[in-house]
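Asks: Take a look at the following structure, please.
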Amino acid sequence: GGGRGGRGGRGGGDNRWEHKGLPPDQQDGGRGGRGRRGGFGNYGAPVNNRHDPRLPQLQQTENKFLAIDKTKIEGEEKKQRAFKAILNKLTPQNFEKLLEQILAEGIDEARTLIGLIAQLFDKALTEPTFAELYATMCQHLSNRFLAESIEFVDPDCDPEAEGGPRMINFKRVLLNKCQEEFEKGDADIKAVEQEEIDEAEKKASGEAEKEEEKAVEEKEEGEVPAKPKTPEELDLEERRKIKNREDRMRDSRRRMLGNIRFIGELFKKEMLTARIMHTCIMKLLNEKKNPDEEDVEALCKLMATIGRLIDRPDAKSHMDAYFKRIQGLSANQAISSRHRFMCQDIMEMRSKGWRERRKQEGPKKIEDVHKDAAREAQNQARGGPPQRG
């Protein structure tokens, strides 16, 4: 859908945080030959010219299929490829230049904005070191749209509704994506955990062997049954399944932690509200006796990123309640010592006015790198110890 100002974008609900023909006739065992029907001799003919008694007679209708306008699809794919190439080159030095290149591509349809924001999220989640840079890109894009009073038609609304289509802004589209990724990461992790539980139960009950025997019994007539798997093959198959689950779990956790960090950076850029941050914290601070360790880690990283900004007098009661729960986690023997120490570190950080032991470094400009190197050289020339961080 289009939008005012000639541009379009995606929105969402307020509470929402996406056979080219028939196979050939098989005769004589599926082998066709010259001068006889069957095989592939009739393949490629129009469907309504194929005489197959197994198929129902096709009826002509008034509404025929319309050809898809491939130029629009190809144009959109070209834009998304351009966005990807631009984001791959993004650094603090060329930020302004590449921002203009993104805008020059033209964000004039809902799907264009959807694709761009999806790519920004994907980059931020897979490259958490650059999360602040991608959050800054979102901030600048939003400011440009606000400055030009550009809003987008919500594609989920009824354009014929009374009062006209519902309009949304860049921040709303971004918020929807934040919630979508937050919930998706949580669901992906739980899906892998449930798969592990189901597999263990099947193994304990011997159900896996029964399923394999049943599969052999259900072979069609004339089909050669597969040879039973050797113990070595079964062991290899089991190891592959475990490795696959471990890889999926690691990727899901890494993506969820990247999303938490990116949400925090967006909040620091005033792209998200404090209320959303409190919602994230309460979701991570669930009341389970033995919480998920990835939730504990995500909570500590989020607190380290935004704690100073949300720990205000008007939110003191909330913060005190959060840290009472964190104090309990720091002594919980059901979680690893690494995660208990994380909780202790975040408690110490708050007690010292949210001063970090070591500032988290993001991408630097070349001139900043040169300044740091010169400062380090001067310090060593004076006989001082090497600077850390």
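The values are calculated or read from the model by the stated rules, or taken from the named source; none is laboratory data. Keep in mind the model is a prediction, meaning the values are calculated, not measured. Heads up, the Cβs are rebuilt from the backbone with ideal geometry, glycines too, and the neighbour counts pull from every protein chain shown. SASA here: full protein model, heavy atoms, side chains in, ligands and nucleic acids out. Shrake-Rupley method; radii C 1.70, N 1.55, O 1.52, S 1.80 Å.
Asks: I'd like the accessible area for residue 323: 1.4 Å probe, protein heavy atoms, all chains in place, Å² to the nearest 10.
Replies: 20 Å²
Asks: With a probe of 1.4 Å, find how much accessible area segment 102-194 has per residue, and write the answer as a whole number in Å².
Replies: Computed with neighbouring chains in place, this is 43 Å² per residue.
Asks: On to the next question. Arrange the residues 154, 320 by how much accessible surface each exposes, largest first, with a 1.4 angstrom probe.
Replies: Highest to lowest solvent-accessible surface, that is 320, 154.
Asks: Note down the nm distance, to one decimal, between modelled labels 7 Å out along Cα→Cβ at residue 237 and at residue 345.
Replies: Result: 4.3 nm between the two label points.
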